[in-house]
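The structure appears below as structure tokens.
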Amino acid sequence: MKPKKISLSIPALLALWILVFTVGLPRVWAKPRIVLYAAHGGSDSGVKAGSEVEKEWNLKVTKILQQTFESAGFEVVMVRKKDEALSTETWTNLVNTSDALLAIVIHSERDWTGRMTGPLFVVEPPTRTDNPVNQDIQRWGMTSLAQYHASLRLAKAIASKLGVSGELSNLSDSRGITGEMLSPEGRIWCMPHQDLRFLIIPSIVLTPLFLTSSADLKKFSTNDGLQAFANGTVQGTMDFLQMPTPVPTVGR
Amino acid sequence: MRKINFSWKTTIVIAVFLVLVILGLWKRNQGNPLKSETGHGLSSTPLFEPHDRSVSILIKTVEMSTGKPVNVPTSIRQSKSRYNQMKQAVLAFLDGPRKGKFQVPVPEGMALNEFYLTPEGTAVVDLSMTAVNRTTFGFVEEALFVKGLIEVLSKNFFEVKMVKILVDGQDAPTLAGHYALGTSDSAASTALGAYGGPTD
């Protein structure tokens with residue numbers, strides 16, 4: 001009987017080999033992949049406030065996010081790892097072909113009143129395809145209703161974990177507000193953003209801090225402040241993806 | 001064959017004449033660049049007559065103590081044409097207060113190149129961005145400016161169905177790198193009144 005068992009295991013191993021190398025590992029076994037993009041870079045400094053430069057803050061925050069996401073079991077595609085300028089076409093192609101579940105664009109901000117503080121979220125409104133004057137979707141990009149709703153859920157999940165209002169701001173574009181609560185305090189802005197309009201996966205712009213806010217600068221100048229922001233962002237993302245959410249251990 | 005001999009005096013006169021002609025041509029080409037755009041839009045006809053009475057409109061400002069957008073009244077003149085009134089409103093917004101409790105979300109250096117109104121009700125605002133410092137004009141301010149401009153036109157003038165923004169005469173993707181222009185339905189839908197400040 002023994003030789004018969006051996007002869008059965010050989011076809012089983014062969015079938016497994018075929019499965020792995022032709023079909024690929026089932027997605028469920030792979031780490032969830034996300035994209036992080038630190039906006040601006042190189043000759044494009046982004047906004048400035050005194051000695052604070054946006055591109056530097058974006059990269060700093062994104063690197064902490066990368067570490068935290070990776071320690072929580074994610075595979076992270078970093079669009080920019082150093083101080084370099086990338087064309088919109090280059091980086092949007094990278095995101096759209098990454099086979100990632102979602103993208104987070106990090107954009108620090110400034111506000112001339114000095115009153116605004118982070119975090120703030122921007123979600124691209126859905127494109128109205130029924131509008132007869134909207135003939136140039138190919139030129140300006142298109143966001144489907146499903147993609148908009150997924151991006152909005154992602155923003156709400158992260159806002160919840162960062163302890164801020166998950167309502168839409170009353171400044172939002174009317175295309176995205178149907179059925180949504182609007183509030184002057186809402187931290188989610190549904191507005192057309194150049195860094196979102198060409199992306200085809202759920203994606204948000206996340207503003208961690210305002211360079212014009214002394215409170216934000218103080219908070220993000222400490223490792224604890226940075227890590228608390230990163231932990232909240234990762235937990236919110238895991239909620240959005242309906243993953244079990246063990247508390248990230250980085251920095252704790 | 002007869003040889004023409006110029007005296008030195010004649011030569012100097014001809015040289016001076018040529019220099020004057022060249023200087024004249026150069027001066028004409030270097031003249032006020034706006035002059036060539038006169039027909040394009042910077043109309044010599046005034047936007048209002050001195051005896052036109054003033055009317056109140058609302059322009060969007062930001063309350064500096066809270067950072068929230070607020071409508072404040074300002075005056076333009078009751079012109080004979082609605083086009084002139086609209087152009088006055090756009091100028092009132094661009095040149096609005098930059099000091100005090102309420103300030104307009106308009107960056108220093110931004111100027112109006114031209115304003116049009118199409119028969120379909122699209123207000124086309126051509127803005128000059130060449131003098132604007134991009135490093136002090138982020139997404140939040142860009143968004144507040146665009147929303148404010150759209151409201152100034154759509155809330156004060158029922159004829160305006162859509163607002164289209166051009167940057168230095170071009171159909172640009174953004175005003176200063178962030179807020180996405182060009183999706184024509186964006187302007188249209190925003191003009192329908194999604195933007196509401198605390199005083200609305």
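The values are calculated or read from the model by the stated rules, or taken from the named source; none is laboratory data. Just so it is clear, the structure is predicted and the values come from calculations on it, not from any experiment. With ideal geometry, Cβ positions are generated from the backbone for all residues, glycine too; neighbour counts draw on all protein chains shown.
Go through the range B:107-138 and give me each residue that's farther than 25 Å from B:Asn84 by Cβ and not small (Gly, Ala, Ser). Answer for the range B:107-138, where residues must be farther than 25 Å from B:Asn84 by Cβ and not small (Gly, Ala, Ser): B:Pro107, B:Glu108, B:Thr130, B:Val132, B:Asn133, B:Arg134, B:Thr135, B:Thr136, B:Phe137. When we screen A:Glu70, A:Glu75, A:Glu124 for residues that are at pLDDT below 95 and either farther than 30 Å from B:Lys101 by Cα or in contact with a helix residue (DSSP H, G or I) (Cβ under 8 Å, 6 or more places away or on another chain) (or both), the only hit is A:Glu124.
Would you check which residues across the range A:172-186 are within 12 Å of another protein chain (Cβ to nearest Cβ) and in a loop (DSSP other than H, G, I, E, B) and list them?
Residues of the range A:172-186 within 12 Å of another protein chain (Cβ to nearest Cβ): A:172-178, A:180, A:182-186.
If the condition is that a residue be within 12 Å of another protein chain (Cβ to nearest Cβ) and in a loop (DSSP other than H, G, I, E, B), then A:Ser172, A:Asp173, A:Ile177, A:Thr178, A:Glu180, A:Pro184, A:Glu185, A:Gly186 are the ones that fit.
Restricting attention to the range B:121-141, the residues that are under 16 Å from the mean Cα position of the chain (by Cα) and either of a type in the set (A, V, I, L, M, F, W, C) or closer than 17 Å to A:His193 by Cα (or both) add up to 7. Only one residue in B:Leu94, B:Leu117 is over 20 Å from B:Lys68 (Cα atoms) and either free of Cβ contacts under 8 Å to residues at least 60 places away in the same chain or surrounded by fewer than 24 Cβ atoms within 10 Å (Cβ to Cβ) (or both), so which one is that? So the residue among B:Leu94, B:Leu117 that is over 20 Å from B:Lys68 (Cα atoms) and either free of Cβ contacts under 8 Å to residues at least 60 places away in the same chain or surrounded by fewer than 24 Cβ atoms within 10 Å (Cβ to Cβ) (or both) is B:Leu117. For the range B:129-173, enumerate the residues that are outside any helix (DSSP H, G or I), closer than 27 Å to A:Glu52 by Cα and small (Gly, Ala, Ser). Correct list: B:Ala131, B:Gly138.
Among the residues of the range B:62-80, some residue qualifies, meaning at least one is of a type outside the set (Phe, Trp, Tyr), closer than 30 Å to A:Glu54 by Cα, touching a Ser or Thr at 6+ places or on another chain (Cβ under 6 Å) and at pLDDT below 90.
For the range A:183-201, the criterion of a residue being surrounded by fewer than 18 Cβ atoms within 10 Å (Cβ to Cβ) and under 27 Å from A:Arg33 (Cα atoms) is satisfied by at least one position. Here A:Ser169 clears all of (1) under 11 Å from A:Phe121 (Cβ atoms); (2) surrounded by 24 or more Cβ atoms within 10 Å (Cβ to Cβ); (3) within 12 Å of another protein chain (Cβ to nearest Cβ); (4) not charged (D, E, K, R) except the condition numbered (2). For the range A:99-114, a residue qualifies if it is farther than 14 Å from A:Leu217 by Cβ, surrounded by fewer than 23 Cβ atoms within 10 Å (Cβ to Cβ) and within 12 Å of another protein chain (Cβ to nearest Cβ), and the qualifying residues are A:Trp112, A:Thr113. Among the conditions (1) within 24 Å of B:Ala176 (Cβ to Cβ); (2) surrounded by fewer than 14 Cβ atoms within 10 Å (Cβ to Cβ), B:Leu112 misses just one, which is (2). Of the residues making up the range A:26-68, those that are more than 14 Å from chain B (Cβ to nearest Cβ) and β-branched (Val, Ile, Thr) are A:Val28, A:Ile34, A:Val35, A:Val61, A:Thr62, A:Ile64, A:Thr68. State whether the residues of the range B:41-56 include one that is surrounded by 10 or more Cβ atoms within 10 Å (Cβ to Cβ), touching a helix residue (DSSP H, G or I) at 6+ places or on another chain (Cβ under 9 Å) and at pLDDT 85 or above. Within the range B:41-56, one or more residues are surrounded by 10 or more Cβ atoms within 10 Å (Cβ to Cβ), touching a helix residue (DSSP H, G or I) at 6+ places or on another chain (Cβ under 9 Å) and at pLDDT 85 or above.
The set of residues from the range A:205-215 being more than 13 Å from chain B (Cβ to nearest Cβ) and crowded, with 18+ Cβ neighbours inside 10 Å comprises just one member, A:Pro208.
Does B:Pro73 meet the test of being within 14 Å of chain A (Cβ to nearest Cβ) and either surrounded by 19 or more Cβ atoms within 10 Å (Cβ to Cβ) or not in a helix (DSSP H, G or I) (or both)? So that I can check it myself, show each step before the final result.
Details: within 14 Å of chain A (Cβ to nearest Cβ): no; either surrounded by 19 or more Cβ atoms within 10 Å (Cβ to Cβ) or not in a helix (DSSP H, G or I) (or both): yes.
So B:Pro73 fails the test.
If we scan the range B:134-150, do we find a residue that is within 28 Å of A:Pro184 (Cβ to Cβ), among the basic types (Lys, Arg) and touching a Lys or Arg at 6+ places or on another chain (Cβ under 9 Å)? Checked against the condition, which is being within 28 Å of A:Pro184 (Cβ to Cβ), among the basic types (Lys, Arg) and touching a Lys or Arg at 6+ places or on another chain (Cβ under 9 Å), the range B:134-150 yields at least one hit.
Yes/no matrix, rows are residues, columns are (1) farther than 21 Å from A:Gly46 by Cβ; (2) small (Gly, Ala, Ser); (3) within 11 Å of chain A (Cβ to nearest Cβ):
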| residue | (1), (2), (3) |
| --- | --- |
| B:Thr130 | no, no, no |
| B:Phe139 | no, no, yes |
| B:Ala143 | no, yes, yes |
| B:Phe157 | yes, no, no |
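Do the conditions hold for A:Leu226, that is, is it in a strand (DSSP E or B), away from chain B (no Cβ under 11 Å) and of a type outside the set (Phe, Trp, Tyr)? I'd like the intermediate steps shown before the answer.
Working: in a strand (DSSP E or B): no; away from chain B (no Cβ under 11 Å): yes; of a type outside the set (Phe, Trp, Tyr): yes.
No, not satisfied.
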